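Please read the structure below before turning to the comments.
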Amino acid sequence: MLLADTTNKVNEMIKDYMMMKREVVRLEKIIFGYTIPMDNWGVAQYGIEAAMPKGSSGKSQAELKQMDLRERRQHNRLLVLRAKVTILESYTDSFSDLPTNIIYDRLLDGWTYRAIAEELNVSVTYVKDRKHHIIDVIVSAQKAQNAQNAQKDHFLQAK
């Protein structure tokens, strides 16, 4: 999975979130002919649905080889954007206090600092401070995940 590892990258991802969501929908319509609901990007199924055979929602290796260059670039962009959107959405409602969670939601929705501050009846400076806190939490979590993945890879290579 694509990992956001710097403050600037996370900040840009938050700013571009709405655009990335729209682009994911657009690319899915171009590539697959329909959109794939985000909750189906990797959710386990239970009961009879889990036992029944299904076709893949993605492209097979044979189809990927036959794609032209433009389609392959679109498919690769779709995978990257999905990963970024998933990273950002995984932090929804994960902050310790309600105002920070509200600020994060509003930032993802493209609200301005001033509009968020007016809604919460706080200062713009408070909103900016909370945004910096949010970015620090995401960067720290992603760095920890990078370290854990590197440790796993090292362990697997040692065997």
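A short reminder: the numbers here are calculations on the coordinates, not readings from a lab. The model shown is predicted, which means the values in this text are computed figures rather than measured ones. Backbone-built Cβ (ideal geometry, glycine too); neighbour counts: all protein chains shown.
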Inset, instruction - With label points built 7 Å along Cα→Cβ from the Cα atoms of His133 and Met19, find their separation and express it in nm. - result: 2.9 nm
Legend entry - Ranked Lys15, Lys84, criterion: other C-beta atoms within 10 Å, fewest first: Lys15, Lys84
Legend entry - For Met19, net neighbour charge (Lys/Arg +1, Asp/Glu -1) across residues whose Cβ lies under 13 Å away: +2
Legend entry - Thr112-Lys143 FRET efficiency (beta carbon distance; Förster radius 41 Å; 0.05 resolution): 0.90
Legend entry - For Thr112, net neighbour charge (Lys/Arg +1, Asp/Glu -1) across residues whose Cβ lies under 12 Å away: +2
